[in-house]
Amino acid sequence: MAAALARAVSIADLREIARRRLPRSVFEFIDGGAEDETTLRDNRAAFERVRLVPRVLRDVSDPQPGITLLGRPIAAPLLVAPMGCSMLAWPEADLAIARAAASLKLPYTMSTMSPVAIETMAERAGGDLWFQLYVLKNRGFNDRLVDRAWAAGFRTLVVTLDLATGGRRERDLRNGLSVPLRLGWRQVLDGLAHPHWALQMMASGLPQFENVRGAMADAGAGLSIAARVGQSLDAAWSWDDLARLRERWPGTLVAKGVLHAGDAARLTALGADAVWVSNHGGRQLDGAPASLDALPAVAQAVAGRVPLLLDSGVRRGVDILKARQCGAQAVAVGRAALYGAAAGGEAGARRALQMLIDELRTAMMLSGTRRLDAVESNG
Ligand SMILES: Cc1cc2nc3c(=O)[nH]c(=O)nc-3n(C[C@H](O)[C@H](O)[C@H](O)COP(=O)(O)O)c2cc1C
């Protein structure tokens, strides 16, 4: 596997290693989107439509991709998006990806649906850790989660707003993938066909949602992961609730899952410190616009008052320049990092993130962009 990892030259190569190593149901859980996957496909198509006009005769011998984001210096405008259930790809994938991000001086966002306790993550991962909140129906429980994150040393809270219910991920429904894992004959056969994965999983034990024990909907038969998470969340949560969360959280508050310019402006007025433009990687509303297509209008509405983050479809370093050209300060990656972890744990995740940084540096040099932190643009 180490040899395959060493031969990989792109995120697409890492995805291919992950596809071969994982049971089909697990790979499709990571790779897939909602319903007809139109939004999933559109996320890539949007990046492929944007062009960068290069400038020449600039000294680009030492490109500087580092920026300051929300008051903290980071090595590149790149962070890791929250991913629940990533432990299905690799035991302790969350910790592996977090450590890889820390080693490269990039922020990592831990999901509410992580199998790792908030406090354990803070102790064992290091680096710039952000905590992502899914708002559960039990409001007292939410408050305690947020307080725990603060006490453990997290200073950035990302509240995800696009999961009023779980998107219909039809591949998961067909594959019968659920958490807790239920082992039917299909899962057993799939596991036998992927013995390395199966042995790793048996050795690490069945994953649990460590931070939401007792607050999740019943693990009733037939619920896919998205459906189970969705059933546990508070679909009635609205602006007043967010205002209350803003009062409670003393640190940086980021609103994730925003595509509408009016929402972005209102979030900014309410005191969000950043707006994270995202369609959840095409996993929620099928038919939502590509994040990159939604970005310019959001940027216009927010008018530089807060930084904009963007995810959904980032697979290349040059995508970071494209997102910045359309109005984002930084991008987040979900699957790109997880394909790496699925291909080779912490080393694989580091490989994925390093590839994106290396590609970014190349794209900076070729487009005549010396640095990203300065006012200088490509224009
Ligand atoms: C396997 C997986 C699990 C995810 N779990 C969460 C989660 O727990 N919380 C959340 O806010 N977003 C979650 N997301 C969405 C990501 O944070 C992010 O928005 C998305 O992956 C970005 O698209 P990309 O994968 O094309 O980079 C998940 C995405 C994937 C692929």
Just for the range 262-279: of the residues that are under 28 Å from E48 (Cβ atoms) and crowded, with 19+ Cβ neighbours inside 10 Å, which one is farthest from the ligand (Cβ to nearest atom)?
A264
Under 23 Å from A235 (Cβ atoms) and in contact with a Ser or Thr (Cβ under 9 Å, 6 or more places away or on another chain) - does that describe any residue in the range 90-104?
no
Just checking, which of G251, G313, G230, G282 is surrounded by fewer than 24 Cβ atoms within 10 Å (Cβ to Cβ) and either on the phi > 0 side of the Ramachandran plot or within 16 Å of the ligand (Cβ to nearest atom) (or both)?
G230
Within the range 88-98, take every residue that is within 11 Å of the ligand (Cβ to nearest atom) and more than 14 Å from the chain's Cα centre (by Cα) and give me the one that is farthest from Y134 (Cα to Cα).
A89
Would you mind listing the helices (runs of 4 or more DSSP H) fully within the range 111-214 where at least 2 residues are closer than 30 Å to R19 by Cα and at pLDDT 95 or above?
118-125, 170-175
For the range 219-238, does any single residue satisfy the condition of being among the aliphatic types (A, V, I, L, M), over 19 Å from L88 (Cα atoms) and in contact with a helix residue (DSSP H, G or I) (Cβ under 9 Å, 6 or more places away or on another chain)?
no
Suppose we filter T68, T38 for residues that are within 16 Å of the ligand (Cβ to nearest atom), modelled with pLDDT of 95 or more and polar (S, T, N, Q); which single one remains?
T38
Of everything in the range 49-71, what is hydrophobic (A, V, I, L, M, F, W, C) and in contact with an Asp or Glu (Cβ under 7 Å, 6 or more places away or on another chain)? Give them in sequence order.
I67, L70
Count - residues of the range 99-115 that are farther than 22 Å from G327 by Cβ and within 14 Å of the ligand (Cβ to nearest atom)
8
It is to be established whether one or more residues within the range 92-103 are touching a Lys or Arg at 6+ places or on another chain (Cβ under 8 Å), under 30 Å from P296 (Cα atoms) and surrounded by fewer than 24 Cβ atoms within 10 Å (Cβ to Cβ).
no
I'd like the full set of residues that are touching an Asp or Glu at 6+ places or on another chain (Cβ under 9 Å), within 30 Å of V258 (Cβ to Cβ) and not hydrophobic (A, V, I, L, M, F, W, C), limited to the range 160-208.
G167, R168, R169, E170, R171, D172, S178
For the range 257-288, how many residues meet the condition of being within 27 Å of E247 (Cβ to Cβ) and basic (K, R)?
1
Considering only the range 215-236, how many residues are among the basic types (K, R) and either in a loop (DSSP other than H, G, I, E, B) or under 24 Å from P289 (Cα atoms) (or both)?
0
Can you confirm whether the range 185-193 contains a residue that is within 16 Å of the ligand (Cβ to nearest atom) and in contact (Cβ under 8 Å) with a residue 40 or more places away in the chain?
no
The range 237-351: helices (runs of 4 or more DSSP H) wholly inside it with 3 or more residues that are farther than 21 Å from L79 by Cα are 239-248, 261-270, 291-302
Can you say whether A243 is within 14 Å of the ligand (Cβ to nearest atom) and either under 19 Å from the mean Cα position of the chain (by Cα) or surrounded by fewer than 18 Cβ atoms within 10 Å (Cβ to Cβ) (or both), as far as the supplied structure shows?
no
Mind checking whether some residue in the range 43-64 is within 14 Å of the ligand (Cβ to nearest atom) and either assigned to a strand (DSSP E or B) or buried (at least 24 other Cβ atoms within 10 Å of the Cβ) (or both)?
yes
It is to be established whether one or more residues within the range 328-350 are more than 16 Å from the ligand (Cβ to nearest atom) and among the β-branched types (V, I, T).
no
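The values are calculated or read from the model by the stated rules, or taken from the named source; none is laboratory data. Owing to the predicted nature of the structure, the values given are computational and were not obtained by experimental measurement. Note: ideal-geometry Cβ built from the backbone for every residue, glycine included; neighbour counts use all protein chains shown.
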